[in-house]
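First comes the structure, then the notes that go with it.
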Amino acid sequence: MVRSLNGRTIVRLALVGVAAASLGACAKKAQPAYPTTTTPPVAQQPQTPLPPSGPGDVGTAQTGALPGSQQDFVVNVGDRVYFDTDQHDVRADAEPILAAQAAWLRRYPSVNVRIEGNADERGTREYNLALGARRANAVRDFLVGQGLESSRIATISFGKEQPIDPGSGEDAWQRNRNARTAIVSGAR
Amino acid sequence: MRIKAFVAALAAALGALAAVLPSPAAAQLSVTRGDVNPMAVAVPSFAGGQVGADISQVIAANLQRSGLFRPLDPASFIEKDLSAAVQPRFADWKTINAQALVNGQVTVDGNRLRVDFRLWDVYREQQLLGLQFTSSPENWRRVAHKISDAVYERLSGEKGYFDTRVVFVAESGGRGKTVKRLAIMDQDGANPSYLTGGESIVMTPRFSPTSQEITYMALRPDSATVYLYNLQSGRRESLGSFQGMVFAPRFSPDGGKVIFSVERGGNSDLYVMNLSSRTSTRLTTDPGIDVSGSFSPDGSRIAFTSDRAGSPQVYVMGADGSGARRISSGGGSYTTPVWSPTGEFIAFTKQTGGQFHIGVMKPDGSDERLLTTSYLDEGPTWAPNGRVLMFSRETPGGAPKLWMVDVTGRILQPMPYPGAGSDPAWSPLLN
């Protein structure tokens with residue numbers, strides 16, 4: 001095929017027939033249109049994680065939290081228990097907290113809760129979702145074992161997506177391996 | 001070196017690399033010290049003004065990033081102002097040791113962009129390719145990617161991967177309060193845009209191997225949902241509601257099914273849904289965690305992560321859930337198996353000794369090779385030609401970034417996208 005594009009020396013150009021044909025076909029529909037729901041970034045903050053609470057918080061509060069309120073539960077009972085690396089067994093140090101949670105929930109029978117399982121960053125995303133679910137269910141099973149109706153307790157896993165400690169290191173990982181008992185309804 | 005000789009030498013070198021890497025512990029160092037000389041290519045500015053210069057720069061950057069090519073410094077070029085219509089002065093290109101030359105010409109006529117390009121073997125003084133692309137002017141980057149793919153395929157003998165896109169999780173806001181939005185961009189980091197607004201935690205987007213459709217998981221305080229999202233129509237639909245948490249979706253090779261995990265009572269098992277009938281089948285029933293299902297390219301087998309024997313390991317079973325067999329055998333844990341598009345390898349994330357690695361092994365578990373080592377590497381995705389992997393890398397306390405490594409482990413580099421991102425998923429070649 002002989003072509004002259006701009007009047008300079010003409011050379012023999014072996015235009016690949018098949019390729020040219022297919023490209024010609026593609027060229028007419030080569031406009032990529034990918035609708036996007038949001039183009040400009042809009043800064044949105046997720047819900048602020050609650051400050052860590054744990055064994056040390058139990059019974060140390062000097063607040064006037066309304067009995068039966070979420071604050072009462074968080075401050076005077078403790079809403080979070082912790083786990084060992086890669087484990088989902090309820091630790092001995094978590095049992096008194098969960099027993100206190102169960103007692104509090106028996107006292108306020110209209111309260112429903114959701115157990116949120118969490119994992120540290122030392123694992124991959126999908127596996128840690130499954131691991132967090134195991135932890136949430138271990139807490140749920142413990143509470144049910146304390147006489148709570150399972151219908152009052154939902155579970156979810158946040159995997160490693162919602163660390164309460166943004167640091168990297170054993171201390172942060174330890175805090176981030178937890179299950180939080182969140183009150184979803186019925187509190188004062 | 002002649003081009004064909006070069007390609008043969010390259011193939012031999014890559015084969016040798018694979019052959020001398022029996023030990024996972026030594027793999028990373030050995031591979032990254034592998035010695036393959038990239039082919040010297042000259043990509044002078046295409047004639048036709050700024051868009052011509054821009055197109056040649058995108059092509060040169062693509063070829064450079066592949067690691068198989070070494071674009072020469074334009075300042076060294078002797079012949080200037082080439083036309084796509086004339087034969088280049090080969091002696092000028094031999095002098096600067098260019099083995100291949102890519103030149104072209106751009107013509108913009110109203111709303112029509114035409115690009116003529118030629119690929120030349122400098123030493124044989126032969127044209128290897130002569131093609132013409134037409135498109136609209138704002139599409140110039142895609143034309144550059146298509147030319148890159150044509151050059152890559154002609155010189156390496158393998159399909160290219162440049163006219164592709166990557167969907168990923170764009171992260172912002174800092175650790176502990178990170179906003180995670182689904183986003184999409186070209187494989188070279190250009191044209192990023194958001195697909196979701198950050199109202200829920202999104203993760204694990206995966207491309208359909210056959211269409212411009214993705215599946216991903218959205219996590220809210222009270223629910224976990226897997227979605228199908230058509231990128232062309234913008235239509236989004238839930239995979240359905242399940243009793244329990246649903247997560248870790250991935251398409252089958254024909255795009256007709258999605259494999260995913262459902263968690264009930266703390267136990268996660270694998271399910272597969274036929275997308276046309278919307279019927280689901282449970283594939284695993286053991287009390288261990290079974291996640292991260294990934295089909296073989298022929299659809300006959302499934303690789304997945306299970307901790308049924310203690311620590312997380314990679315297993316392979318039939319597509320009907322039969323005959324599960326553990327294939328990972330080294331120390332440490334193995335997660336996120338992803339079957340390569342060629343079927344040759346399964347990529348994975350390995351965690352051992354406080355470090356994370358991206359690695360590959362044969363589907364029978366043999367020939368394990370670790371391609372990367374860092375504080376936290378995770379979640380590989382394959383380029384459609386099976387030559388390059390993208391993954392996310394995190395430093396202690398830092399935001400995750402997208403990285404790329406080729407399957408030999410020789411070419412490790414950050415993805416040219418400046419923002420924080422994780423969970424990359426590579427598209428098939430665009431049409």
Within the range B:90-139, of all residues that are β-branched (Val, Ile, Thr) and more than 9 Å from every other protein chain (Cβ to nearest Cβ), the one nearest to B:Phe77 (Cα to Cα) is B:Ile96
| query | Restricting attention to the range B:104-120, does a residue exist that is surrounded by fewer than 24 Cβ atoms within 10 Å (Cβ to Cβ), on the phi > 0 side of the Ramachandran plot and either at pLDDT 95 or above or in a loop (DSSP other than H, G, I, E, B) (or both)? | reply | yes
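Please give the strands (runs of 3 or more DSSP E) falling wholly within the range A:93-188 in which 2 or more residues are touching a Leu at 6+ places or on another chain (Cβ under 7 Å), surrounded by 19 or more Cβ atoms within 10 Å (Cβ to Cβ) and on the phi < 0 side of the Ramachandran plot. It would help to see each step written out before you state the result.
Values: elements: A:112-118, A:153-159, A:178-185.
Passing ranges, in order: A:153-159.
Among the residues of the range A:53-78, write down those that are assigned to a loop (DSSP other than H, G, I, E, B), at pLDDT 50 or above and closer than 15 Å to A:Ala179 by Cα.
Of all residues in the range A:53-78, those assigned to a loop (DSSP other than H, G, I, E, B) come to A:53-54, A:58-69, A:78.
Checking the rest, the ones that are also at pLDDT 50 or above come to A:62-69, A:78.
Residue satisfying the conditions is A:Gly78 alone.
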Flagged pairs (Cβ under 6 angstrom, 6 or more apart or on separate chains; first in the range B:61-73, assigned by TED's automatic domain parsing to the domain that holds B:Lys146; second among the small types (Gly, Ala, Ser) and assigned to a strand (DSSP E or B)) are B:Arg70/B:Ala40; B:Leu72/B:Ala40; B:Leu72/B:Ala42
Residue pairs qualifying under the 7 Å Cβ cut-off, at least six apart or on distinct chains, with the first in the range B:274-291 being in a loop (DSSP other than H, G, I, E, B) and the second being modelled with pLDDT under 95, are B:Arg278/B:Gly240
Scan the range B:358-370 and give yes if some residue there is among the hydrophobic types (A, V, I, L, M, F, W, C), closer than 22 Å to B:Tyr161 by Cβ and touching a residue at least 60 places away in the same chain (Cβ under 8 Å), otherwise no. no
Subset of the range B:329-359, residues over 13 Å from B:Leu370 (Cβ atoms), more than 10 Å from every other protein chain (Cβ to nearest Cβ) and either aliphatic (A, V, I, L, M) or part of a strand (DSSP E or B) (or both), comes to B:Pro337, B:Val338, B:Trp339, B:Ile346
Within the range A:112-130, residues being without any contact (Cβ under 8 Å) to a residue 40 or more places away in the chain, closer than 15 Å to A:Phe83 by Cα and of a type in the set (D, E, K, R) number 0
Here the qualifying pairs (Cβ atoms under 7 Å; residues six or more apart or on different chains; first in the range A:66-91 and under 29 Å from A:Arg188 (Cα atoms); second at pLDDT 95 or above and of a type in the set (Ser, Thr, Tyr)) come out as A:Gly68/A:Tyr108; A:Asp79/A:Thr181
Screening B:Gly266, B:Gly255 for residues that are in contact with a helix residue (DSSP H, G or I) (Cβ under 6 Å, 6 or more places away or on another chain) and either surrounded by 22 or more Cβ atoms within 10 Å (Cβ to Cβ) or modelled with pLDDT of 95 or more (or both) leaves only B:Gly266
Residue hits (the range B:121-147; in a strand (DSSP E or B) and either on the phi > 0 side of the Ramachandran plot or among the aliphatic types (A, V, I, L, M) (or both)) are B:Leu128, B:Leu129, B:Leu131
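The values are calculated or read from the model by the stated rules, or taken from the named source; none is laboratory data. All values derive from a computational prediction rather than experimental measurement. Because the Cβ atoms are built from the backbone with ideal geometry, glycine has one as well, and the counts that use them run over all protein chains shown.
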